[in-house]
Amino acid sequence: MPATTTTVDLTELSAARGGSRRLTGHLTRPTGPGPWPGVVVVHEALGVNDVMHRQAERLASAGYLVVMPDLFTDGGAVRCLVPTFRAALSGQGRAFRDIEAARTRLAQDPDCTGRIGIIGFCMGGSFALLAVSDGEFDAACVNYGRPPKDLDAALAGSCPVVASYGARDRTLRGAAPALEASLDRLGIVHDVKEYPEAGHSFLNDSEVGPRALRPLMRVAGIRPHPESAVDAWRRIDGFFATHLKADSQKP
């Protein structure tokens, strides 16, 4: 049987932290008996779509209890996109409290072992990168997320990080080596790789966005790259297994 996804109300958890006044999420539960480690999935700039649901289902199939908060719940994508992007770049804003609500939902679930990771794509990758230093996550996966200006300050005390970038991503040139250099300086366990033939959103299994804009997105290098994705997922699976599954219960 495939993993099952249900919609969950995260409003109470978010509001208690000063987050969104209304917040829904998607809980994807593996098959078979738990408990399982948890993973918070932070969606890309285009919001919760079929591609993001399949990413969540993939993680559940690998043995993780997954919650993906919809950061655009309270106002819709048009109204929420700009302030959410600003939060992703500044490290402040209600989206971080929404992500914390999703993490708390996992921590409170009796089917969660207590070890929880975070994975983000595009805009979500920026959130994952800025959520690593509060001590609440046990591992982070950053996929083509924009690094903050002061990387060392943002990453101080970070959990282990696995990150993937595409060399053909014109918007993030130099991001991968800068991130790796910072993690090296801080002595944080990490696995950072830049794929020569990949661009932005290369982990997506299909094209996204309005059809009329897709030719322009391809020119900009925003497209799937299956060969790079296979290797990236191999690294992500191994990294999460080491840091989320090695100890079945968080100390």
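The values are calculated or read from the model by the stated rules, or taken from the named source; none is laboratory data. Everything quoted here is computed from the prediction, not taken from an experiment. Positions of Cβ are backbone-derived with ideal geometry, glycine not excepted, and every protein chain shown enters the neighbour counts. For accessibility, only protein heavy atoms count, side chains too; no ligands or nucleic acids. Shrake-Rupley method; radii C 1.70, N 1.55, O 1.52, S 1.80 Å.
Considering only the stretch 184-196, state which residues are under 18 Å from the mean Cα position of the chain (by Cα) and open to solvent by less than 40 Å² (accessible area, probe 1.4 Å).
V192
In the stretch 132-157, what residues are of a type in the set (G, A, S) and either free of Cβ contacts under 8 Å to residues at least 12 places away in the same chain or surrounded by fewer than 23 Cβ atoms within 10 Å (Cβ to Cβ) (or both)?
The answer is S133, G135, A153, A154, A156, G157.
Can we say V40 is surrounded by fewer than 19 Cβ atoms within 10 Å (Cβ to Cβ) and not in a loop (DSSP other than H, G, I, E, B)?
So V40 fails the test.
Assuming R105 fulfils every condition listed in (1) touching a Lys or Arg at 6+ places or on another chain (Cβ under 8 Å); (2) open to solvent by 10 Å² or more (accessible area, probe 1.4 Å); (3) closer than 21 Å to R58 by Cα apart from one, which condition is it?
Of (1) touching a Lys or Arg at 6+ places or on another chain (Cβ under 8 Å); (2) open to solvent by 10 Å² or more (accessible area, probe 1.4 Å); (3) closer than 21 Å to R58 by Cα, only one is false for R105: (1).
Identify the residue in the stretch 158-174 that is among the small types (G, A, S) and either out of contact with any strand residue (DSSP E or B) (no Cβ under 9 Å at 6 or more places or on another chain) or open to solvent by 10 Å² or more (accessible area, probe 1.4 Å) (or both) and, among all such residues, is nearest to V66 (Cα to Cα).
Filtering the stretch 158-174 for residues among the small types (G, A, S) gives 158, 163-164, 166-167, 174.
From the residues that got through so far, the ones that are either out of contact with any strand residue (DSSP E or B) (no Cβ under 9 Å at 6 or more places or on another chain) or open to solvent by 10 Å² or more (accessible area, probe 1.4 Å) (or both) too are 158, 167, 174.
Details: S158: 21, A167: 29, G174: 31 Å.
Residue satisfying both the conditions and the ranking: S158.
Are any residues in the stretch 64-92 surrounded by 18 or more Cβ atoms within 10 Å (Cβ to Cβ) and either at pLDDT 60 or above or hydroxyl-bearing (S, T, Y) (or both), and if so, which ones?
Within the stretch 64-92, Y64, L65, V66, V67, M68, P69, D70, L71, F72, T73, D74, T84 qualify.
Okay, residues lined up against (1) farther than 10 Å from A60 by Cα; (2) open to solvent by 60 Å² or more (accessible area, probe 1.4 Å); (3) of a type in the set (S, T, N, Q):
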| residue | (1), (2), (3) |
| --- | --- |
| T6 | yes, yes, yes |
| A16 | yes, yes, no |
| L27 | no, no, no |
| G34 | yes, no, no |
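Please list, ordered by first then second residue, the pairs with beta carbon atoms under 6 Å, 6 or more apart or interchain, first in the stretch 103-114 and acidic (D, E), second open to solvent by 30 Å² or more (accessible area, probe 1.4 Å).
Close Cβ pairs satisfying both conditions: D111/G34; D111/P35.
When you look at A176, is it within 20 Å of V42 (Cα to Cα) and out of contact with any Gly (no Cβ under 7 Å at 6 or more places or on another chain), yes or no?
Against the criterion (within 20 Å of V42 (Cα to Cα) and out of contact with any Gly (no Cβ under 7 Å at 6 or more places or on another chain)), A176 qualifies.
In the stretch 220-240, which residues are open to solvent by 40 Å² or more (accessible area, probe 1.4 Å) and modelled with pLDDT of 80 or more?
R223, H225, P226, E227, V230, R234, D237
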